[in-house]
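Asks: The structure that follows is given in the form of structure tokens.
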Amino acid sequence: MFHVLLFLLGFVAVETNRRHLICSAPKVEAFYEMCDDSFIPVVNLEPCELSTKVPLNWSFTGIPKKNIDRLYSVVQVAKESVTVSERRYDLCSGADDEYDFCGALKGETVSYSSRSRIVKRMLFLEGVYTFKVKLFVGEEELLACFLVTLKVKAPVI
């Protein structure tokens, strides 16, 4: 019986390792996990707070498994498992792109950082928000898919 318990706990440990903590604070926690077998980026966010006044510094670094010539994302936002928004964002078109990672080749280290006020665009009440982000290259070839979970413990004012 003990061996069966250890076997099952091994699966739980593997599944837990897929979830990565971005930040934790008294009013908010943020995690991300991959929903496919693509590269796992390193994501940083500071300060760990949601505010209409304080801009967030965020960055990511990763090594893509495909060339990034044309890139677009589809972002789906859900609150408590109910979809509230879904949008497409064109990031790289192949000509006069504003992001440094556009044109990166398969296997190159890709980094990006930004300072922005994300909260000015969304009102966050208490609850669990899930952002499903899919990145596509070329016509519709999946580059990466990840889920960002945001646990808001106090409303953002």
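The values are calculated or read from the model by the stated rules, or taken from the named source; none is laboratory data. Since this is a predicted model, take the numbers as computed values, not measurements. Cβ coordinates were reconstructed from backbone atoms using ideal geometry, including for glycine residues, and neighbour counts include every protein chain displayed. Remember, those area values only see protein heavy atoms, side chains included, never the ligands or the DNA or RNA. Shrake-Rupley method; radii C 1.70, N 1.55, O 1.52, S 1.80 Å.
Asks: At most 11 other Cβ atoms within 10 Å and a DSSP loop assignment: could you name the trypsin sites (Lys or Arg not before Pro) in the stretch 45-77 that fit?
Replies: 53
Asks: While we're looking at this one, here's another question. Computed FRET efficiency, Cβ-Cβ of residue 108 and residue 37, R0 22 Å: what is it to the nearest 0.05?
Replies: 0.70
Asks: So, one more: Enter the Cα centre distance for the pair the stretch 87-117 and the stretch 133-157, rounded to the nearest angstrom.
Replies: Between the Cα centre of the stretch 87-117 and that of the stretch 133-157, the gap is 15 Å.
Asks: Something else now. Quick one: 3J(HN,Hα) in Hz for the stretch 107-112, Karplus 6.51/-1.76/1.60 with θ = phi - 60°, rounded, Gly and Pro as x.
Replies: x, 7, 6, 10, 10, 8
Asks: While we're on this one: Give, in nm to one decimal, the length gained when the segment between residue 63 and residue 139 is fully stretched (0.36 nm per residue of separation minus the Cα-Cα distance).
Replies: 25.3 nm
Asks: What ranking of 109, 52 comes out by heavy-atom accessible area, probe 1.4 Å, highest first?
Replies: 109, 52
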